[in-house]
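Accompanying notes for the structure given below.
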Amino acid sequence: MTIMEYHNPVLLQASVDGLNIKPDGVYVDVTFGGGGHSKEILKRLGPNGKLFAFDQDEDALANALPDERFTLINENFRFIKRFLRFYGVKSVDGILADLGVSSHQFDVPERGFSTRFDADLDMRMNQKSDLTAKKVLNTYDVKKLTAMFREYGEVDNAFRLANIIFEARTNNSIETTAQFKEVIKPCTPKFEEGKYLAKVYQAIRIEVNQEMEALKECLTQCVTLLKPNARLVVMSYHSLEDRLVKNLIRSGNVEGIEEKDIVFGKITKYFKSLTSKPIAPDAEEIERNSRARSAKLRVAIKL
């Protein structure tokens, strides 16, 4: 499988340009996927440069790049500091993240990420994880389901949706994507089915993979991992992710709470933003790769 077949890298040149790569630098691609961004980084590194990449999906291991400067770590990026330390790395010159789901995960029916196919309700990025979409939908109570759909999917009728799921599973457990779509038909808008299902699936996927918690942990560790003048480059695909990235760049923490010097009351700055407005794909890239349409790229320098 080629890189483009596994995952078509979004904003490839702009994101790698954002790293401002030094030939002998140490860089991290925390979302390896098909290896598109990593391959471009390696092109710009010299013989003494190093690139570490993270991906929790075992399918991504098949894309490992045959380069002695490259190390692929089969772990969630929430453990970035721990595993870099294992390799003797305490600070880096740049970190790149392309958040969201890879094209491969969407396109393989049995992974259960896509609304297009009938499959088991899975949605795990880490296939060793115990938590699946099936477990979420069949064990969470109404309150927890409502909170999930409301917070992670911004679903307008979250409470009604949660109740319908709860009632349906009292007779039979919800096992497949087709069964699930049939169960929630009563609260699916007739002329906006695709948009509605995308929100619902997004909420479930984020919960199954604990994406917000993992991103918060990763971004928090980036603050101390990045050297002065190092670059942070992040592509997000929905407002929840982008808000955390903006908060970190503005205040140095994902909560967005600005720290002030005790004596002078001066706000402590950790990053300088190079993208006051996020970079978005142009029309040509969106036409070539429809999944790029919601991408927002932010770049910052560590102070």
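Note on the range 170-270: with neighbouring protein chains present and a 1.4 Å probe, carbon and sulfur make up 53 percent of its accessible heavy-atom surface. Seen from PRO278, the other residues with C-beta closer than 14 Å to its C-beta sum to a net charge of +3, counting Lys and Arg as +1 and Asp and Glu as -1. Solvent-accessible area assigned to carbon and sulfur over the range 24-71 amounts to 46 percent, based on a 1.4 Å probe.
For the chain, averaging the sequence separation of C-alpha pairs within contact (under 8 Å, six or more residues apart) and dividing by the residue count gives a relative contact order of 17 percent. Only the Cβ atoms of Lys and Arg (+1) and of Asp and Glu (-1) were treated as charged; on that basis the dipole of the chain about its Cα centre amounts to roughly 1060 debye. A DSSP coil position with no more than 11 other Cβ atoms inside 10 Å describes the following chymotrypsin sites (Phe, Trp or Tyr not before Pro) in the range 147-239: PHE191.
Using the Cβ-Cβ distance between LYS143 and THR224 with R0 set to 30 Å, the FRET efficiency works out to roughly 0.25. Computed with every protein chain present, the accessible area of HIS37 is close to 10 Å² [probe 1.4 Å]. Rolling a 1.4 Å probe across the protein heavy atoms gives the chain an accessible surface of 49 Å² per residue.
Taking amide H atoms as placed 1.01 Å from N in the peptide plane, the amide H of ALA53 lies under 5 Å from those of ASP29, THR71, LEU72, ILE73, each 5 or more residues away in sequence or on another chain. LYS144 contributes about 100 Å² of solvent-accessible surface, heavy atoms of the protein only, 1.4 Å probe. In the chain, the calculated helix contribution to ellipticity at 222 nm averages -11500 deg cm²/dmol per residue, counting -39,500 (n - 2.57) for every DSSP H run with n ≥ 4. Counting protein heavy atoms only, the range 84-130 has 45 percent of its accessible area on carbon and sulfur, 1.4 angstrom probe. Estimated at 0.36 nm per residue, the fully extended path between LYS266 and ALA198 surpasses their Cα-Cα distance by 20.1 nm. Loop-located trypsin sites (Lys or Arg not before Pro) across the range 190-275 with a Cβ neighbour count of 16 or fewer within 10 Å are LYS190, LYS266, LYS269, with loop assigned by DSSP. Summing charges over neighbours of VAL183, with a neighbour being any other residue whose Cβ is under 10 Å away from its Cβ, gives +1 when K and R count +1 and D and E count -1. Accessible-area rank, largest first, for GLU207, GLU192: GLU192, GLU207, with all protein chains present and a 1.4 angstrom probe.
Of the whole protein surface, GLU255 contributes about 120 Å² of accessible area at a 1.4 Å probe radius.
Highest-first packing order for the peptide set 125-131, 93-99, 79-85 is 93-99, 79-85, 125-131, based on the mean count of other beta carbon atoms within 10 Å. If the limit is 22 Å between Cα atoms, which of LYS260/LYS296; LYS216/LYS269; LYS81/LYS216 go over it? Going by Cα-Cα distance, LYS260/LYS296 fall outside the 22 Å limit. For LYS272, the aspartates and glutamates whose Cα comes closer than 17 Å to its Cα, not counting residues fewer than 8 places off in the same chain, are ASP17, ASP93, ASP242, GLU258, GLU259.
In the chain, taking the dipole from charged Cβ atoms about the Cα centre, the farthest positive-side position among PRO109, CYS222, THR71 is held by CYS222.
The values are calculated or read from the model by the stated rules, or taken from the named source; none is laboratory data. Computed from a prediction, not measured in an experiment: that's the story for all the values here. In this analysis, Cβ positions are derived from the backbone assuming ideal geometry, glycine residues included, and neighbour counts consider all displayed protein chains. When the accessible area is computed, the model is the full protein with side chains, heavy atoms only, and any ligands, DNA or RNA have been set aside. Shrake-Rupley method; radii C 1.70, N 1.55, O 1.52, S 1.80 Å.
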